[in-house]
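Asks: For reference, the structure I am asking about is given below.
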Amino acid sequence: MSERRAIIPDNIDLLRDNTPCIFQSNPSNHPDRFKCMLEPTAISSEPGTYNNDQLALRGLNGCVIDVRPVTWAWEGNAFIFQSMESLDVINDCFTAGVLISESGYGAAEDTLTLFG
């Protein structure tokens with residue numbers, strides 16, 4: 001059996017802070033993207049580019065959103081990514097206090113840690 005590579009870097013916790021995610025549209029500076037603020041974590045500007053491979057991440061109540069990460073933890077407090085989902089869907093799934101996690105293979109037994 002082959003070992004599955006982790007999606008989220010080991011030292012990064014995608015624990016959402018208490019602010020809503022935002023949509024950033026700035027065609028002269030960068031492609032459209034979303035930014036969700038995080039509780040302080042390790043800094044990671046990886047992958048550092050746009051239009052990366054699509055990954056499935058899990059949020060509130062097991063919802064799953066396909067994202068293309070831009071930076072896992074910009075300055076240790078912002079998860080920046082591209083997605084085809086709307087801002088409302090992003091905020092409903094990656095809501096304040098949720099630990100965003102890898103979706104695995106869609107296993108229903110995955111649990112979420114909520115902080116309030």
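Asks: From R33, R58, which residue is touching a residue at least 40 places away in the same chain (Cβ under 8 Å) and touching a helix residue (DSSP H, G or I) at 6+ places or on another chain (Cβ under 9 Å)?
Replies: Only one candidate qualifies: R58.
Asks: Return the pairs, sorted by first residue and then second, in which the second residue is in a helix (DSSP H, G or I) and of a type in the set (S, T, N, Q), the first residue lies in segment 89-102 and is farther than 14 Å from I7 by Cα, the beta carbons are less than 9 Å apart, and the residues are 6+ apart or on different chains.
Replies: C93/N61
Asks: Looking only at segment 51-60, count every residue that is open to solvent by 10 Å² or more (accessible area, probe 1.4 Å) and closer than 20 Å to E39 by Cα and tell me the total.
Replies: Residues meeting the conditions: 2.
Asks: Restrict the check to segment 10-24 and report whether at least one residue is open to solvent by less than 50 Å² (accessible area, probe 1.4 Å) and closer than 13 Å to S83 by Cβ.
Replies: Looking through segment 10-24, at least one residue is open to solvent by less than 50 Å² (accessible area, probe 1.4 Å) and closer than 13 Å to S83 by Cβ.
Asks: While we're looking at this one, here's another question. Would you mention how many residues in segment 81-98 are over 13 Å from S25 (Cα atoms) and open to solvent by less than 30 Å² (accessible area, probe 1.4 Å)?
Replies: 5
The values are calculated or read from the model by the stated rules, or taken from the named source; none is laboratory data. Quantities reported herein were computed from a predicted structural model and do not represent experimental measurements. Neighbour counts are summed over all protein chains in view; Cβ atoms, including those assigned to glycine, are modelled from backbone coordinates with ideal geometry. Accessible surface is based on the protein model in full, side chains and every heavy atom, while ligands, DNA and RNA are left aside. Shrake-Rupley method; radii C 1.70, N 1.55, O 1.52, S 1.80 Å.
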